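Structure first, commentary second.
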Amino acid sequence: MKLNRKVNISSDIPTASMPDIIFMLLIFFMVTTVLREYSGLDVELPKAKRIQKLKSKRHTAHIWLSKQGQISIEDKLVRSENIRHIMYAKRAADPQLTISIKADKSARMGLVSDIHTELRKADALMLNYSSKTAIE
Amino acid sequence: MNKKRRFKGGEIPTSSMADIAFLLLIFFLVTTTIDMDKGLGIVLPAEGEELEIKKTNILNCLINSQGNVLLGGDPVALKDVNKEIRRRLAENDKLIISVKAHKKTKYGDYVSLIDQLKRANATRISIADTE
């Protein structure tokens, strides 16, 4: 029985296809990157513990509500009674639409309730109260 | 003036392509912000969808402008709502919690209340208009 074998396998990692792999990764990141569309209003979000992630960024519309009671959709200040028209159009275009409310923690509930009423009129019922994670 | 030049075959140097691609990749990795929005999910009732519910299955949860909570008539501290709801849900699993806020209630207090209800695993939450 012969035990001395010659190792003839080269131990180099093939680098010829490395640019292709990197390009693929690059294209993946370029495609998945969604740049932030709107800057919104300056709000301090409330904190909550039992929070869940929004399903998809593409099926989300944001409503900002500032401490002073300003309502902003897509960087335009709107009056609460105009929300229904904007949201109705959005909801008709995308039935999976979730509305993310980014309200300041010291905003008043009267306005939030107005938004609720408007959203009900627009048949946009999936809602998400945007909040930060609270530390136990 | 010697204008004769030898054409030596044009080749794009590909040895640095990997480096360039890496650089681009790193740029996109760094600039990609995965700030997934998080929050409390809730579903509003549809317009004109009013159901008759037995009085025993409704628990009114009121919150005033100072952030004080009244749970079915009894004052409860905000941080104890979770336990109280859990206890009541154990007694009656058909319980619907109707949250009603004052106009001047702070949104932050309201969100903490909804959070407390969610932590008590309450699934039937109804949101009434403000008063």
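Need one value for B:111-119: mean number of C-beta atoms belonging to other chains within 10 Å of its residues' C-beta atoms. Walk me through the intermediate numbers first.
Numbers: counts 12, 7, 0, 5, 9, 3, 1, 5, 3.
Per-residue shielding by partner chains comes out at 5.
When the Cα atoms of chain B are enclosed in a convex hull and the volume is divided per residue, what value in Å³ results? All intermediate terms of the calculation are to be shown ahead of the outcome.
Details: hull volume 37.3 nm³, N = 131.
Here the figure is 285 Å³ per residue.
Using a ≥ b ≥ c from the Cα gyration tensor of segment A:51-136 (square roots of the eigenvalues), is it rounded, prolate or oblate, where a/c under 1.5 gives rounded and otherwise the larger of a/b and b/c decides, a/b for prolate?
Judged from the Cα gyration tensor, segment A:51-136 comes out oblate (a/c at least 1.5, b/c at or above a/b).
Compare A:24, A:18, A:109 by solvent-accessible area with a 1.4 Å probe and give them largest first, with all protein chains kept in place. If you can, show how the numbers build up before the last one.
Details: A:24 135, A:18 80, A:109 5 Å².
Heavy-atom accessible area, descending, gives A:24, A:18, A:109.
Counting DSSP beta bridges in segment A:63-136, what percent are antiparallel, to the nearest 5?
Of those bridges, close to 45 percent are antiparallel.
Helix A:109-121: angle to the longest alpha-carbon principal axis of chain A, degrees 0 to 90, nearest 10?
Roughly 80 degrees, rounded to the nearest 10.
As I understand it, the value is the acute angle between the Cα axis of helix B:17-31 and the longest principal axis of the Cα atoms of chain B; what does it come to in degrees, rounded to 10?
With both axes taken from Cα atoms, the answer is about 20 degrees.
Along the charge dipole of the protein assembly as shown, which of A:119, B:120, B:51 sits closest to the positive end, that is, farthest toward it, with unit charges on the beta carbon of Lys, Arg, Asp and Glu (+1, +1, -1, -1)?
B:120
Return P(r) of the protein assembly as shown (all Cα-Cα pairs; 5 Å bins starting at 0; whole %; ordered from short to long distances).
Distribution as computed: 1, 5, 10, 13, 14, 11, 9, 6, 5, 4, 4, 4, 3, 3, 3, 2, 2, 1, 1, 0, 0, 0 percent.
Can you give the average number of partner chain beta-carbon atoms within 10 Å of each beta-carbon in peptide A:104-117, as a whole number?
6
What does the accessible area per residue of segment B:1-99 come to in Å², with a 1.4 Å probe and no ligands, DNA or RNA counted?
77 Å²
In this model, which of A:132/B:104; A:57/A:105; A:49/B:100; A:57/A:90; B:54/B:100; A:57/B:106 are farther than 25 Å apart at the alpha-carbon?
As for pairs spanning more than 25 Å Cα to Cα, those are A:57/B:106.
What whole number of Å gives the distance from the Cα centroid of segment A:106-136 to the Cα centroid of segment B:36-104?
With segment B:36-104 and segment A:106-136 each reduced to a Cα centre, they are spaced 15 Å.
What 222 nm value per residue comes from the helices of chain A, counting each DSSP H run with n ≥ 4 as -39,500 (n - 2.57) and dividing by all residues, nearest 500 deg cm²/dmol?
After summing the helix terms and dividing by the residues of chain A, the value is -9000 deg cm²/dmol.
Would you tell me the mean number of C-beta atoms belonging to other protein chains that fall within 10 Å of each C-beta in A:22-32, as a whole number?
Details: counts 9, 6, 2, 6, 9, 3, 2, 8, 4, 0, 3.
What the average comes to for A:22-32 is 5.
Can you tell me which of B:6-14, A:66-74 comes out highest on packing, and rank the rest after it, using the mean Cβ neighbours within 10 Å?
Final packing ranking: A:66-74, B:6-14.
Can you find, among B:17, B:107, B:70, the residue farthest towards the positive end of the dipole of chain B? Put +1 on the C-beta of Lys and Arg, -1 on that of Asp and Glu.
B:17
In the protein assembly as shown, what percentage of the DSSP-assigned beta bridges are antiparallel, given to the nearest 5?
Just about 50 percent of them are antiparallel.
Quickly estimate the mean residue ellipticity at 222 nm for chain B, helices only: each DSSP H run with n ≥ 4 gives -39500 (n - 2.57), and the total goes over all residues, rounded to 500.
That comes out to -9500 deg cm²/dmol.
The values are calculated or read from the model by the stated rules, or taken from the named source; none is laboratory data. Values in this document were obtained by computation on a predicted structure and should not be read as measured data. Every residue, glycine as well, gets a Cβ built from its backbone with ideal geometry; the counts of neighbours run over all protein chains shown. When the accessible area is computed, the model is the full protein with side chains, heavy atoms only, and any ligands, DNA or RNA have been set aside. Shrake-Rupley method; radii C 1.70, N 1.55, O 1.52, S 1.80 Å.
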